[in-house]
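Q: The structure follows.
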Amino acid sequence: MAISPPAPLAGAPLSDRLASTQSSPVRELLQIAMRPEIISLAGGLPAPDTFDVPGLRAAFDEVLAGPDAIRALQYSTTEGDPGLRARLAAFMSTRGLDVAGDDLLITTGSQQALGLIASALLNPGDVVLVEDPTYLAALQAFQLADLQAVPIPCDDHGPDPEGLLELARRHGAKVAYLIPTFQNPTGRTMPAARRAAIADAAAQAGLWLVEDDPYSALRLEGEDAPLLASYAPERTLVIQTLSKVLSPGLRIGYVRAPESLHGPLAVAKQAADLHTSTVNQLAAERWLATHDLGDHIASLAAHYRPRRDALRSGLREHLPAGARMTEPEGGLFIWVELPAGHDAEVILPRALDRGVAFVPGKYFYAGEPRPETLRVSFATATPEELREGAARLGVACRG
Ligand SMILES: Cc1ncc(COP(=O)(O)O)c(C=O)c1O
């Protein structure tokens, strides 16, 4: 399912930058996957039944019915609401890093943070080092910023520190973009020793590390890993989001950056959209003030755990002999490597005919794609549907 760049209208040519940026094939696939007869293992959307509709409605009511109503409807500061920043900093500080509200910039989703970091730190043509595979929309943001994404060799524990150092030196790279916990798309988590080694390699290469961390709060079992930033706070930017723990519709992300980058990132944010929605920020602040985020996260884990288990056991039972898959302790994704000779893009139409959708892995590669890989998510289907979806996928793989 190759998506070509948008065709320019006659007399209205597009920028070279946009013409060479691909529309996300996953978005198109998600449209198909929404058909009622299809069990979707394709999406990464959080489960809608976990949204606290009454709680968020009460938070918006409190903001708009109280003395903050005018402030909520007005322009506000670029960095974000101080009350919200303080609450989010306290949350980020639970992972081995001391974060103050002033260290955070509120962004319009964490997706915006990727573009802001690209424009604040990098020039067109620069190299950004990425895991392979990595988050598709990060590749898109980097493409739009005219950057060259160069893949770092990876193993089951994440990027190879020596490979990172060698590539950073070879390309004179300034930034490495990493998703250390429950990575999208692989579900993989970097163990503590690997984090320390990556921090060490980054220090030797003089690299900024960008730690994208939307999924670590969705831990279903095991112990929290310290943030990668806790090993190299002076050179690591951490991006988190309320999208997976509260609601993606709020579009609230936040970046923690070393102090020298506060000003540059704020300038980039100002140029992008002045500031993130004030009313959404104040409602998020009220929700966080009136709810126990830890309890809410525990309820999310209780929701997702049986779904992860159902998909995992269904895949174990139905995937062809010789297939490998990741065994994530959290997040929303499992990564499958079919035996050599399989091509997930060829399997996809057969799978859709049988009523199951997934995402071929090839879309997530900055380097040479591996056609036998695919991503499945347990986010939105029921445990019964997930078991059935795995069975249908197994049949589709067999031809
Ligand atoms: C790794 C990663 N980063 C960033 C995002 C963007 O999230 P948001 O902009 O909703 O915060 C996502 C969403 O799926 C993601 O998987």
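Q: Does any residue of segment 132-141 turn out to be more than 16 Å from the ligand (Cβ to nearest atom) and touching a strand residue (DSSP E or B) at 6+ places or on another chain (Cβ under 7 Å)? Give the steps one after another, and end with the answer.
A: Applying the first criterion (more than 16 Å from the ligand (Cβ to nearest atom)) to segment 132-141 yields none.
No: segment 132-141 contains no residue that is more than 16 Å from the ligand (Cβ to nearest atom) and touching a strand residue (DSSP E or B) at 6+ places or on another chain (Cβ under 7 Å).
Q: Could you check how many residues of segment 8-62 are of a type outside the set (F, W, Y) and either touching a residue at least 40 places away in the same chain (Cβ under 8 Å) or within 15 Å of the ligand (Cβ to nearest atom) (or both)?
A: Within segment 8-62, the first condition is being of a type outside the set (F, W, Y), and the residues that meet it are 8-50, 52-59, 61-62.
From the residues that got through so far, the ones that are either touching a residue at least 40 places away in the same chain (Cβ under 8 Å) or within 15 Å of the ligand (Cβ to nearest atom) (or both) too are 17-18, 20-22, 24-27, 29-30, 32-33, 37-50, 52, 55-56, 58-59, 62.
Of the residues in segment 8-62, 33 are of a type outside the set (F, W, Y) and either touching a residue at least 40 places away in the same chain (Cβ under 8 Å) or within 15 Å of the ligand (Cβ to nearest atom) (or both).
Okay, residues lined up against (1) under 16 Å from D103 (Cβ atoms); (2) within 16 Å of the ligand (Cβ to nearest atom):
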position: A203; (1), (2): no, no
position: G222; (1), (2): no, no
position: L237; (1), (2): yes, yes
position: S247; (1), (2): no, yes
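Q: Does G253 qualify as being surrounded by 23 or more Cβ atoms within 10 Å (Cβ to Cβ), within 12 Å of the ligand (Cβ to nearest atom) and modelled with pLDDT of 95 or more? I'd like the intermediate steps shown before the answer.
A: Values: surrounded by 23 or more Cβ atoms within 10 Å (Cβ to Cβ): yes; within 12 Å of the ligand (Cβ to nearest atom): yes; modelled with pLDDT of 95 or more: yes.
So G253 fits the description; yes.
Q: Taking L164 as the residue in question, decide whether it is away from the ligand (no atom under 16 Å from the Cβ), buried (at least 24 other Cβ atoms within 10 Å of the Cβ) and more than 20 Å from the chain's Cα centre (by Cα). Steps first, please.
A: Numbers: away from the ligand (no atom under 16 Å from the Cβ): yes; buried (at least 24 other Cβ atoms within 10 Å of the Cβ): yes; more than 20 Å from the chain's Cα centre (by Cα): yes.
Spelling it out, L164 is indeed away from the ligand (no atom under 16 Å from the Cβ), buried (at least 24 other Cβ atoms within 10 Å of the Cβ) and more than 20 Å from the chain's Cα centre (by Cα).
Q: Here is a follow-up. Looking at G355, G361, G341, can you tell me which residue is among the small types (G, A, S) and closer than 21 Å to A138 by Cβ? Steps first, please.
A: Numbers: G355 fails: closer than 21 Å to A138 by Cβ; G341 fails: closer than 21 Å to A138 by Cβ.
Every option except G361 fails the conditions.
Q: Taking the condition in a helix (DSSP H, G or I) and within 16 Å of the ligand (Cβ to nearest atom), does S119 pass?
A: Working: in a helix (DSSP H, G or I): yes; within 16 Å of the ligand (Cβ to nearest atom): no.
For S119, the condition - in a helix (DSSP H, G or I) and within 16 Å of the ligand (Cβ to nearest atom) - is not met.
Q: So which residues in segment 309-334 are out of contact with any Asp or Glu (no Cβ under 9 Å at 6 or more places or on another chain), over 18 Å from R398 (Cα atoms) and either buried (at least 22 other Cβ atoms within 10 Å of the Cβ) or not assigned by TED's automatic domain parsing to the domain that holds V359 (or both), if there are any at all?
A: L311, P328, G331, L332, F333
Q: Looking at the structure I just gave you, is G263 in a helix (DSSP H, G or I), free of Cβ contacts under 8 Å to residues at least 40 places away in the same chain and farther than 30 Å from V356 by Cβ?
A: Values: in a helix (DSSP H, G or I): yes; free of Cβ contacts under 8 Å to residues at least 40 places away in the same chain: yes; farther than 30 Å from V356 by Cβ: yes.
Criteria met by G263.
Q: Here is a follow-up. Could you tell me whether any residue of segment 80-96 is modelled with pLDDT under 95, farther than 17 Å from P248 by Cβ and assigned to a loop (DSSP other than H, G, I, E, B)? Steps first, answer last, please.
A: Filtering segment 80-96 for residues modelled with pLDDT under 95 gives 94-96.
Subsequent filtering for residues that are farther than 17 Å from P248 by Cβ retains 94-96.
Within this subset, residues satisfying the condition of being assigned to a loop (DSSP other than H, G, I, E, B) are 96.
Yes: segment 80-96 contains one or more residues that are modelled with pLDDT under 95, farther than 17 Å from P248 by Cβ and assigned to a loop (DSSP other than H, G, I, E, B).
Q: What is the number of the single condition among (1) crowded, with 24+ Cβ neighbours inside 10 Å; (2) on the phi > 0 side of the Ramachandran plot; (3) of a type in the set (A, V, I, L, M) that I239 does not meet?
A: Failing condition for I239: (2).
Q: Anything in segment 28-64 that is surrounded by fewer than 15 Cβ atoms within 10 Å (Cβ to Cβ) and assigned to a loop (DSSP other than H, G, I, E, B)? List them, or say none.
A: M34, R35, P36, E37, F51
Q: Restricting to segment 100-114, and then to whatever is within 16 Å of the ligand (Cβ to nearest atom) and in a helix (DSSP H, G or I), can you tell me which residue is nearest to T278 (Cα to Cα)?
A: Our first condition is that a residue be within 16 Å of the ligand (Cβ to nearest atom); within segment 100-114, this holds for 104-114.
After this cut, where a residue has to be in a helix (DSSP H, G or I) as well, the list is 109-114.
On the way: G109: 13, S110: 16, Q111: 18, Q112: 16, A113: 17, L114: 21 Å.
So, considering only residues that are within 16 Å of the ligand (Cβ to nearest atom) and in a helix (DSSP H, G or I), the one nearest to T278 (Cα to Cα) is G109.
Q: OK, next. Quick check: is even one residue across segment 371-383 farther than 23 Å from P151 by Cα and surrounded by fewer than 19 Cβ atoms within 10 Å (Cβ to Cβ)? Reasoning before the result, please.
A: So the first thing to find is which residues in segment 371-383 are farther than 23 Å from P151 by Cα, and the list is 377-383.
Those still in the list that are surrounded by fewer than 19 Cβ atoms within 10 Å (Cβ to Cβ) too: 382-383.
Scanning segment 371-383 turns up at least one residue that is farther than 23 Å from P151 by Cα and surrounded by fewer than 19 Cβ atoms within 10 Å (Cβ to Cβ).
Q: Looking at L84, L73, L97, can you tell me which residue is in contact (Cβ under 8 Å) with a residue 40 or more places away in the chain, within 16 Å of the ligand (Cβ to nearest atom) and either hydrophobic (A, V, I, L, M, F, W, C) or within 13 Å of I239 (Cα to Cα) (or both)?
A: Values: L73 fails: within 16 Å of the ligand (Cβ to nearest atom); L97 fails: within 16 Å of the ligand (Cβ to nearest atom).
From the options L84, L73, L97, the qualifying one is L84.
The values are calculated or read from the model by the stated rules, or taken from the named source; none is laboratory data. The model shown is predicted, which means the values in this text are computed figures rather than measured ones. Note that we place each Cβ from the backbone using ideal geometry, even for glycine, and neighbour counts take in every protein chain shown.
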